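For reference, the structure discussed in these notes is given below.
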Amino acid sequence: MTDLTRLALPVWAVPAQPRRAAVDEHEIAINGPWWREVVKARRLPGVPPAGPTLTRAEVWAAASDDVFTLLWRTLAWGSGRYLRLNARRLNSIAADVPRARSLLTKAAEVSRRDPVGAYTLLRPGQYNEIRSLGPSFFTKFLYFAGGGAPDHPCLILDRVAATRLRDRCGWTSLHRTGPWPAETYGRYCDLLARLAQDHRCAPDEIERTLFAGEPEERS
């Protein structure tokens with residue numbers, strides 16, 4: 001495994017914007033009508049997103065409400081206009097709503113203190129506890145369950161962050177697309193927490209710069 005104690009951020013990945021601008025106001029275009037239709041059609045609980053866009057702040061504002069409202073916003077934000085696999089995810093939840101509610105509620109609670117434990121609840125072995133809800137999406141749920149707290153220990157780990165950490169930052173043992181073991185997720189959260197301390201910012205500010213990439217990648 002890569003020795004993460006030696007890993008440092010390249011200049012482009014060091015946060016420069018205020019957290020509110022970079023993180024809170026990070027906006028994604030979504031397909032609101034589709035979410036309203038499919039949630040209603042399956043008679044699922046929670047309130048699907050209504051508008052054409054979602055910011056991170058609008059997603060985590062649902063953290064104090066029903067976990068399903070938080071999940072629909074998380075999935076919509078994470079998917080953008082690309083809805084692949086979301087019908088399967090909703091079908092999996094609709095097949096046993098009480099079980100999904102229990103899992104998500106417990107994972108959201110544990111996410112506030114134990115990233116590895118929260119991750120393990122949703123992927124205890126080689127399979128996801130909720131079919132088609134894999135790490136790239138459920139780590140978003142674990143992150144947003146923190147309600148925007150800068151010190152929330154769970155962070156988003158998806159193929160974008162993993163690829164940038166591997167190819168641009170030196171974590172050569174990190175698989176680009178996952179699924180990742182719970183131990184790897186714990187190492188990831190610990191790494192970003194350490195780097196955030198080094199650069200006097202919040203860990204999700206570093207995840208955000210990894211998402212954005214180098215300036216030439218954004219143009």
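Data table
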read-out: Check on Gly51, on the phi > 0 side of the Ramachandran plot and not aliphatic (A, V, I, L, M); value: no
read-out: Filter result for the condition that a residue is touching a Phe, Trp or Tyr at 6+ places or on another chain (Cβ under 9 Å) and either over 22 Å from Asn86 (Cβ atoms) or surrounded by 21 or more Cβ atoms within 10 Å (Cβ to Cβ) (or both), over Gly125, Gly148, Gly170; value: Gly148
read-out: Residue selected from segment 128-145 under the condition under 28 Å from Asp24 (Cβ atoms) and among the small types (Gly, Ala, Ser), by the criterion surrounded by the most Cβ atoms within 10 Å (Cβ to Cβ); value: Ala145
read-out: Residue match in segment 136-149 (condition: of a type in the set (S, T, N, Q), over 27 Å from Arg43 (Cβ atoms) and not in a helix (DSSP H, G or I)); value: no
read-out: Trp72 being among the hydrophobic types (A, V, I, L, M, F, W, C), in contact with a strand residue (DSSP E or B) (Cβ under 6 Å, 6 or more places away or on another chain) and within 20 Å of Trp34 (Cβ to Cβ); value: no
read-out: Among the candidates Arg194, Arg166, residue that is part of a helix (DSSP H, G or I), in contact with a Leu (Cβ under 7 Å, 6 or more places away or on another chain) and farther than 22 Å from Ile28 by Cβ; value: Arg166
read-out: Options Ala50, Ala41, Ala61: the member that is closer than 20 Å to Ile156 by Cβ and out of contact with any Leu (no Cβ under 6 Å at 6 or more places or on another chain); value: Ala61
read-out: Sole residue being in contact (Cβ under 8 Å) with a residue 24 or more places away in the chain and under 15 Å from Val14 (Cβ atoms), chosen from Leu157, Leu210; value: Leu210
read-out: Hits in segment 44-101 - residues which are free of Cβ contacts under 8 Å to residues at least 40 places away in the same chain, within 17 Å of Asn31 (Cα to Cα) and either within 18 Å of the chain's Cα centre (by Cα) or buried (at least 20 other Cβ atoms within 10 Å of the Cβ) (or both); value: Pro48, Pro49, Thr53, Leu54, Thr55, Glu58, Thr69, Trp72, Tyr82, Arg84
read-out: Whichever residue in segment 54-82 is at negative phi and outside any helix (DSSP H, G or I) and, among such residues, is modelled with the lowest pLDDT; value: Asp65
read-out: Subset of segment 27-46 (residues that are in contact with a Phe, Trp or Tyr (Cβ under 7 Å, 6 or more places away or on another chain) and either in a helix (DSSP H, G or I) or under 23 Å from Ala107 (Cα atoms) (or both)); value: Trp35, Val39, Leu44, Pro45, Gly46
read-out: Filter result for Gly117 (surrounded by fewer than 19 Cβ atoms within 10 Å (Cβ to Cβ), assigned to a loop (DSSP other than H, G, I, E, B) and over 14 Å from the mean Cα position of the chain (by Cα)); value: no
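The values are calculated or read from the model by the stated rules, or taken from the named source; none is laboratory data. Fair warning: this is a prediction, and the values are worked out from it, not measured in the lab. Positions of Cβ are backbone-derived with ideal geometry, glycine not excepted, and every protein chain shown enters the neighbour counts.
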